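Taken together, the values in this text are just the output of simple stated rules run on the coordinates, not laboratory data. In this text, all values refer to a predicted model and were calculated from it rather than measured experimentally. So basically every Cβ, Gly included, is an ideal-geometry build from the backbone, and we count neighbours across all protein chains shown.
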Amino acid sequence: METLLIAVGAFVGFIVAYHTYGRWLSRKIFGLTVENEVPSHQLRDDVDFVPTRKEVIFGHHFTSIAGTGPIVGPAIAVFWGWLPALLWVIFGSIFIGAVHDFSALVISLRNRGQTVGEVAGRLINPRARVLFLIILFMALTVVLAIFGLVIAIIFRLYPESVLPTWVSLPLAIAIGVWVYKKGGGLLGPSLAALAVIYGAVWVGAYVMPVDINALVGVPAAGPFPNVVTVWTLVLFVYCFFASVLPVWVMLQPRDYINSHQLVVTLGLLMLGVIVAGATGKAQLAESTPAFAGDALPADAPPIFPFLFITIACGACSGFHCLVSSGTTSKQVDKETDAQYVAYGSMLLEGGLAVMVILACCAGVGMGAFDRTKNDAAPGGYEYVKRLEADGTQATGRAAWSAQYDIGRSWKDFSLGNKVGAFINGGANFLTAIGIPLKLGIGVIAVLVACFAATTLDSATRLQRYVIQELAGTLKVKPLTNKYAATLFAVVLAGIVAMMPGNPKLGAGSGGLILWPLFGATNQLLAGLAFMVTVFYLWRRGKAVWFAVIPMIMMMIMPAWAMLWNMFNPDTGWLHSGKTLLFWNGVAILTIQVWMIVEGLLLMPKAKGILEEALPPLPSKQPAAETS
């Protein structure tokens, strides 16, 4: 029953927070009004700057910030116990993550859609702008490499997810043309597309799983080429085209479809939690320790500060400020839509993270492995076959331990197992409402793959903006072209990805080499984005305490984690010969300290002093009617 109470209580808490704290930020702190012209109208080009209804841009924003972040992070963090993870997700989403995303969006809206890096150059100083952009570039390079790997691994482990994931792309293009060129409605076609995708899930699960290994004869893992490299290369080619097309062609309609997919899947999961919780099938306390304590693997990092680095997107993530100020701010139709789009999206992502925690604990505990194998379920068909071949399944703590106690080592908990914990646990919830396990695995796996693909191509578009901004500053004229900048972003990410970062996966897993840097870098970025918010409000004589407290936290925790990773005597990068990670860590911490010093020197002089205004816009023809 506690599983059901936690799920309901969390969602009620998020709704209350939206209508209280979110409204206070919107009305009292930032004073949002429909009178202020927004970038989508100021700079409308129908490519990047496109006025969009809030329901549509909500779908884009949510699916872009979510990806696999609120899935992988909580799936790892329950190692420390479900209660710390749950508390950080709920309170972090409300008071830190949603404030971070919302503030970044509003500030960008009031600065012609500039990214937080660009705005930092005027709010703080030009050096801060360059430092910020360098951190963005480093973080996005890792994001592109690792998210390509995540999707490739999902396609390898869950071949039933391949067909529906790719079917969604032509459907999105058709809807974009229908809505923006033919003047048709959006809701009906998007729901029809969602029905087609779920039909493809059934086909993929029962009729035609697309197994690249079987089709082209490449090994599942190992040297180049393998399944991971094939999918990674295909995904990067897709990213190039998806990120240079106008947003209305694919990005908006696909993300709108994906938002419906999330709502449907969350609804099914909630029904599964209700039934499983009420009937006693899902027992959170019996399946998982609230605090792991001595049950942790011997090489696991400490809960402080690593809980706050591991769960990023489900509570607070610096990547979100890039989405808010990079793509979303160029599409918001009215300033007053910002609370719905940004604050609301982060709370929904917190809700997704809560469901992931429950799935990885109570869901997995419903019966996650075959007792005769005594090993973690690898996911996909092998998992289903084992359950179908032998009716003896472990449940409760034994099932959860089988999913998580792989070799009793932190480093042995692979990326596939992290994602698989949610997919298998979520599918178990769906069986409580009569959905067959094989189909349930397909539904959850497609959700994860589609969300990861959304983040992948949105990150490519964001990286293009960052490269163009840096190229303009450093006078590298060729890279100011959007096609050249996008190609550079994709090729660089591809080179990183193609390195063998994991001996078991081989080529294509290079993102794992730099992945240990990403958690701390991502959260440091959140701290720096809060600094921009503080200066924006400080210069206008507004209250800043609500942003200063999260800013300090999101600077201390990731710096602490980075230092632990660098200098820990047992596994630290300095002592284990990981010089690439070590010197990258030194560079990132140096930039952070530099930014903090710049801010502290400016703070006494900036109160009540507005930053330099943007140059006036050239005269323009009246904008076309809003879509």
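Computed quantities for the displayed model
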quantity: Extension gain, residue 8 back to residue 271 (0.36 nm per residue minus Cα-Cα distance, nm); calculated: 93.6 nm
quantity: Backbone N under 19 Å from the residue 187 label point (7 Å along Cα→Cβ), restricted to segment 247-279; calculated: 253-265, 267
quantity: Long-range HN-HN contacts of residue 502 with modeled amide H, under 5 Å; calculated: 509
quantity: Relative frequency of Cα-Cα separations exceeding 26 Å in segment 1-159, percent; calculated: 45 percent
quantity: Which of 14, 304 has the fewest Cβ neighbours within 10 Å, and the rest in rising order; calculated: 304, 14
quantity: The chain: relative contact order as a whole-number percent, Cα under 8 Å and 6+ apart; calculated: 27 percent
quantity: Segment 549-594, relative contact order [Cα under 8 Å, separation at least 6], %; calculated: 22 percent
quantity: Isotropically averaged projected area of the chain, using the convex hull of Cα atoms (one quarter of hull area), nm²; calculated: 26.2 nm²
quantity: Table column - 3J(HN,Hα) (Hz), segment 345-360, Karplus curve with 6.51, -1.76, 1.60, x for Gly and Pro; calculated: 4, 5, 5, 5, 5, x, x, 4, 5, 4, 5, 5, 4, 5, 5, 6
quantity: Cα-based helix-to-principal-axis angle, 126-157 vs the chain, degrees rounded to 10; calculated: 20 degrees
quantity: Nearest 10 degrees, 0 to 90: helix 162-180 Cα axis against the chain principal axis; calculated: 30 degrees
quantity: Under 5 Å, built H, 5+ apart or other chain: amide partners of residue 52; calculated: 333
quantity: Between 0 and 90°, nearest 10: helix 251-278 axis offset from the chain longest Cα axis; calculated: 40 degrees
quantity: Rg/Rh (Cα only; Kirkwood hydrodynamic radius) as it applies to segment 121-219; calculated: 1.19
quantity: Pairs of Cα atoms farther than 23 Å apart, segment 490-627, %; calculated: 55 percent
quantity: Dipole axis of the chain (+1 Lys, Arg; -1 Asp, Glu on Cβ), positive-most option in 266, 180, 603; calculated: 603
quantity: Order of 46, 101, 570, 333 - criterion: other Cβ atoms within 10 Å of each residue's Cβ, fewest first; calculated: 570, 46, 333, 101
quantity: Exposure proxy order (Cβ contacts within 10 Å, fewest to most) of 512, 528; calculated: 512, 528
